[in-house]
Amino acid sequence: MDKNGKLISTIMEKKIVHKKEARLFWADVIRVFAIFLVVQAHVGIFWGETFFSTIVRTCVPLLILLSGALLLGKKETYQIFFTKRFIKILIPWIFWTTIVMFFQYNFQYRQIISEFFASSLPLTLQWVRYFLYTFLSYFWFLPMLFSIYFITPLLRIFVKNASSFDLTYVLILWFIFVSILPFIFSNPIFPTYE
C-alpha cells in the first residue's frame, strides 16, 4: 500500500461514525399523540371538566415518561448527557422568555409596572425579578425537565443496579408521596383544592 493509501486508511479508522439510531415506532406514536394533546390543551377544544379534558391533561406526563423510557437505557458520560440536552433547552428558553417579556411589557405595561417595578428595589433587581418570574412561570415545564435531567444520570445508576424489589419499593414510595399524601395534607407544594 502506498503512502496515500495508508493515510486514507488511518483517517478512516479514526473517523467517528455517528450511527443514526433506529426509530422506535411505539415512541413515535406516544410522541405524536402527546403533541396532539398539547395542541388540544392550548386550542381549548375540550373545555370544562369532561372526560376529554382529563385525557388532554396527560400530554406533559406522557412526554416526561417517554423521555425517561428513552434516556434511562442510554450510556453517556455526564458531560455528553448535559451538553446534548441543556444547550438545546436553555438557549431557546432564554430567547422565548425575552420575547414574552418584551410583549408583556409593551402590551400589558401598567400591569407589569405595578407588579414588578413598583418596589423600592434597585431597577436591576426589579428586572431580574421580572425575568425570573417569566422564566419560571410561563415555561413551567422546563424547570421540571431540567430537574429530571439533573437526576437522570443518578437514576440510570440506580435502575441499572436495583433489584425488582428495590424498583417496586421506590415506585410505591413515590406513589404515596406524590399521589396520595398531597391530597390528604395540604401544603404549599401540593395544595388541596376545596
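Rule-based calculations on the coordinates, nothing more; no lab input. Computed from a prediction, not measured in an experiment: that's the story for all the values here. Positions of Cβ are backbone-derived with ideal geometry, glycine not excepted, and every protein chain shown enters the neighbour counts.
Placing dummy labels 7 Å off each Cα toward the beta-carbon, the span from F82 to F52 is 4.5 nm. The simple spin-label model puts a point 7 Å past each Cα toward its Cβ; for L24 and W174 those points are separated by 1.5 nm. Amide H contacts for A162 (H built 1.01 Å from N in the peptide plane; partners 5 or more residues away or on another chain; cut-off under 5 Å): none found.
If a paramagnetic tag sat 7 Å from the Cα of W127 along the Cα-Cβ line, which residues of the range 85-109 would have the backbone N under 18 Å from that point? Only 94-107, 109 fall inside the zone, counting backbone N under 18 Å.
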